Protein chains: 6
Amino acid sequence: MSESIELVPNGTLITPTAEEGRQLAIKMARLIIKATQPDAAVRATLRAVYADDANMLIAIGQTVATEFATIAAANNYWRK
Amino acid sequence: MSESIELVPNGTLITPTAEEGRQLAIKMARLIIKATQPDAAVRATLRAVYADDANMLIAIGQTVATEFATIAAANNYWRK
Amino acid sequence: MSESIELVPNGTLITPTAEEGRQLAIKMARLIIKATQPDAAVRATLRAVYADDANMLIAIGQTVATEFATIAAANNYWRK
Amino acid sequence: MSESIELVPNGTLITPTAEEGRQLAIKMARLIIKATQPDAAVRATLRAVYADDANMLIAIGQTVATEFATIAAANNYWRK
Amino acid sequence: MSESIELVPNGTLITPTAEEGRQLAIKMARLIIKATQPDAAVRATLRAVYADDANMLIAIGQTVATEFATIAAANNYWRK
Amino acid sequence: MSESIELVPNGTLITPTAEEGRQLAIKMARLIIKATQPDAAVRATLRAVYADDANMLIAIGQTVATEFATIAAANNYWRK
């Protein structure tokens, strides 16, 4: 794993909206995969694998849900 | 993954009832799969796979439970 | 997935006892599977599969534990 | 799944000690398996399977950890 | 599963440091495996299996992370 | 598993930034694998396995997300 890439875009968990919080969760999940497998060509191959695999798509959903739980708490759930 | 689709329907985690919170959890889980695999035809094929697979149905249940935990906290558990 | 079925029995996470909270967790986990696979005959077949599969029984336990965590928090852990 | 068995021994998440909380987590995880597969003979067969399977032992540990998180929060972590 | 072994070393989740909290998380995860498979010889065989299996090592990491979340909360994250 | 290695770098969950919190989550996840499989040569072999396996990369992401949830809570989400 390499830590030289930016793991938290913009360096903050705070987002103006829930929608942007959800986008951040997707990005942060993706950046961990990038840090673990820095080779872009290998990642492209693997992406083709998991995008067509029901089991892996569900597992990605689980990871994004976990990242989002943290981001949502950080933002006090964007309550008004 | 594409972020051009709406990931949080109505842009909020707040729902009037627990029932609607649960529906939102299902939708949000589904939208992550849609963002990861934007091709509707591929998703339809995969849906037929996981709907008949006990293991995957359980895994979907796990993801929905995780999304719901966040939504329920956001709504203070709809306590009256 | 269909949202026409009732996903939260009685429309509330609040239960008088921990025992009923646990029963609700089982029901809510089951209702997500029902929403994802609405065909009762298919579900009956799949139930026979997972009831005899140690791995799937453990996975069901994981999902129920996650649902219960939310229900228990909603009820302030039924502290007296 | 059957709800006729007692899912929460003694009907409470509150325990005098962390040790008893941990025991309760194991019991509650086991009772969900019992509710899902009520046949004692089948469960005995499955137990022999998972007790010799490293993967399943780890998965059981994950479920117990999740149950324990709830029980520990209910007991304010047995802080003095 | 046997409950005759000590599941929480020293009977408390409270530790002086984060480092010791992390060690406790590893021990507690291991003790659940011990309670589920009390035969030391079988456990030694299984340990050789999972120590050489990338998938299982990752799964152990997931369980330790979950145990640690509880221990860290119990200790108010060792904030000063 | 060996506890002789340092499991929490710098002995604290507190980090100045979310970015460093994320790096800590990766390191802590990796150190559990190191504690479970202390042989560096075996770990190098396994690393080559999981870096090319979509399923395992996703599972690593799940573990890091769980570690990060704890670290983020410890740091009050780096809110200003």
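The values are calculated or read from the model by the stated rules, or taken from the named source; none is laboratory data. Here the structure is a predicted model, which means the values were calculated and not measured. All Cβ positions, even for glycine, are placed from backbone atoms using ideal geometry, and neighbour counts span all protein chains on display. Please note that ligands, DNA and RNA were not included when accessible areas were found on the heavy atoms of the full protein model with its side chains. Shrake-Rupley method; radii C 1.70, N 1.55, O 1.52, S 1.80 Å.
Quick notes on this structure:
- Considering residues of the range E:21-67 that are open to solvent by less than 60 Å² (accessible area, probe 1.4 Å) and outside any helix (DSSP H, G or I) only, the residue nearest to the other protein chains (Cβ to nearest Cβ): E:Gln37
- F:Thr17, sole failed condition from (1) open to solvent by less than 10 Å² (accessible area, probe 1.4 Å); (2) in contact with a Phe, Trp or Tyr (Cβ under 7 Å, 6 or more places away or on another chain): (1)
- Residues that are touching an Asp or Glu at 6+ places or on another chain (Cβ under 7 Å) and hydroxyl-bearing (Ser, Thr, Tyr) within the range D:29-63 are absent altogether.
- Within the range C:68-80, the only residue that satisfies the criterion of being outside any helix (DSSP H, G or I) and open to solvent by less than 40 Å² (accessible area, probe 1.4 Å) is C:Asn75.
- Residue in the range D:5-19 that is of a type in the set (Gly, Ala, Ser), within 8 Å of chain C (Cβ to nearest Cβ) and closer than 18 Å to E:Thr63 by Cα present: no
- Qualifying positions in the range C:5-47 - farther than 20 Å from B:Ala48 by Cβ and either among the polar types (S, T, N, Q) or touching a Cys at 6+ places or on another chain (Cβ under 6 Å) (or both): C:Asn10, C:Thr12, C:Thr15, C:Thr17, C:Gln23
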